[in-house]
1. For Phe5 and His43, calculate 0.36 nm times their separation in residues minus their Cα-Cα distance, and state this gained length in nm to one decimal.
2. Is the shape of the range 1-45 rounded, prolate or oblate, going by the alpha carbon gyration tensor and its root eigenvalues a ≥ b ≥ c, with a/c under 1.5 for rounded and a/b larger than b/c for prolate?
3. Would you mind getting me the FRET efficiency between His18 and Ala53? Use the beta-carbon distance for r and R0 = 41 Å, nearest 0.05.
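Where a number appears in this text, it was derived from the coordinates with a stated rule and is not lab data. What you see is a predicted model; the values in this text were computed from it and never measured. When we count neighbours, we look across all protein chains shown, and the Cβ atoms used for this are built from the backbone with ideal geometry, even at glycine.
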Amino acid sequence: MSRPFFVKLLETGVILFHRVGNQRRVHLRDVLEYAQKRDQERHAALDRLSRAAVETGLYDRNTFPEVARTSESRFSRSPGCLRLDPYASCSHVAAARGRSVASEQLKT
């Protein structure tokens, strides 16, 4: 995170701080709490997006050929091996496909 972004978080009150002279001081627990909250929000957004993709049938359909080529290199474990389901550990994706998360994690 950049310094200007961090200062903005402090000045807007997202993360509490106090001043000692002209320095801003923060408690580590406040920064860690912010990071945890941000991660939870990010995971929730990803879950909503992937759930919507599964429900609309877009999860397995690839309409952009150039994405298929790049995703093969991004998710492959070895040459010629394509990891078709990079989000298999998401419980709602596994459930939509009739499998358990534990069995999906054994595959990865």
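1. Roughly 11.6 nm would be gained on extension.
2. Judged from the Cα gyration tensor, the range 1-45 comes out prolate (a/c at least 1.5, a/b above b/c).
3. The formula returns an efficiency of 0.40 here.
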